[in-house]
């Protein structure tokens, strides 16, 4: 009788154990990652989500649309776990925010200064209106640099804050501004309509632009989650490099652009991707010193203060 009861209990208990174990094996860690706009510039994150690369590393990644200046505050408050905004992170760190850049995806920004066909040169934009997503944003910063590099005085240009690159696109199409700072695929869309690409920021200088940024506490408390995010980023860059045709098809379908625009967007992104996810300290320091010299950050910042690649380098 006692043996029979024990055997019956074991039969009842075993399926429960199996269900719990199987559920644990399938469990994914919920992660919130903020992106400023649904744009092909953030291709690695969308592609990693839609092709289940995140899932393969045990991550359930939610992509949340949030203004870039709010993303850094979101990291500190715990509202989000990660942001790709490496550029703005430098200013935030110099101002005392406890965050770190953990990887670099792009070694240069992908902004372009776009105008109607009538503009002969960047210099022609003096005294005119130029749309940027937000005053103080990356589009504003690199828009100013493109103007300056093209011989125009940014102080003689009226920057119009639109709120997003999508609205900047609408503004130049409607003629309410004389030029706009755009990124792929919008740059290609306007070129197909006969608009003029006056300048591209990627030709100005190397700068850590997009990557992975997190709160310093996450480095201490959730290092394995970070490693899985970094593994995902490493894998997605590998796929983007290897499967050009499939990625172009993905861009065309998911961002609703022509095949020519999708191919151009792919080339823009592939041209600045950092396969190892790391820039040399000298490159980062040069960028930070330039930012300080231009008054973009309030104090001198070292590469070590801004970046921590230790978990990335520990990956196998």
Subject >> the chain: calculated mean residue ellipticity at 222 nm from DSSP helix runs of at least 4, using -39500 (n - 2.57) >> reply: -14500 deg cm²/dmol
Original post:
For helix 223-242, what angle does its Cα long axis make with the longest principal axis of the chain, in degrees from 0 to 90 and rounded to 10?
Top reply: 60
**OP:** Enter the angle in degrees (range 0 to 90, nearest 10) between the Cα long axis of helix 68-77 and the first principal axis of the Cα atoms of the chain, meaning the one along which they spread out most.
**Re:** 30
Subject >> Peptides ranked, highest mean first, by Cβ atoms within 10 Å: ranges 204-217, 58-71, 94-107 >> reply: 204-217, 94-107, 58-71
Original post:
If only Cα atoms are counted, what is the Rg of the stretch 190-305, and what is its Dmax, in Å?
Top reply: 17.8, 52
**OP:** Based on other C-beta atoms within 10 Å, arrange 311, 72 from fewest to most.
**Re:** 311, 72
Original post:
What is the extension gain from residue 38 to residue 62, computed as 0.36 nm multiplied by their sequence separation minus the C-alpha to C-alpha distance, in nm to one decimal?
Top reply: 7.3 nm
Subject >> Per-bin percent of Cα-Cα distances, the stretch 256-306 [10 Å] >> reply: 22, 30, 25, 20, 3
Subject >> Cα-based Kirkwood hydrodynamic radius, the stretch 112-203, one decimal, Å >> reply: 12.4
Original post:
Once the Cα atoms of the chain are picked out, what are the Rg and Dmax in Å?
Top reply: 22.9, 97
**OP:** Report, in degrees rounded to the nearest 10, the 0 to 90 angle that the Cα long axis of helix 244-254 makes with the longest principal axis of the chain.
**Re:** 80
Subject >> the stretch 30-126, Rg to Rh (Cα coordinates; Rh as Kirkwood inverse mean 1/r) >> reply: 1.07
**OP:** Quickly rank 114-126, 171-183 as a protection proxy: mean count of other C-beta atoms within 10 Å, highest first.
**Re:** 171-183, 114-126
Original post:
How high is the relative contact order of the stretch 112-203, in percent, counting Cα pairs under 8 Å that sit 6 or more residues apart?
Top reply: 46
**OP:** Just need the relative contact order of the stretch 203-296 here, percent rounded to a whole number, with Cα pairs under 8 Å and 6+ apart.
**Re:** 36
**OP:** Can you tell me which of 278-288, 241-251 comes out highest on packing, and rank the rest after it, using the mean Cβ neighbours within 10 Å?
**Re:** 278-288, 241-251
Original post:
How many angstrom separate the Cα center of the stretch 138-154 from the Cα center of the stretch 103-130?
Top reply: 7
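Laboratory data are not the source of any read-out in this text; all were calculated from the coordinates shown. Computed from a predicted structure; not experimentally measured. Glycine gets a Cβ as well: all are built from the backbone with ideal geometry, and neighbour counts include every protein chain shown.
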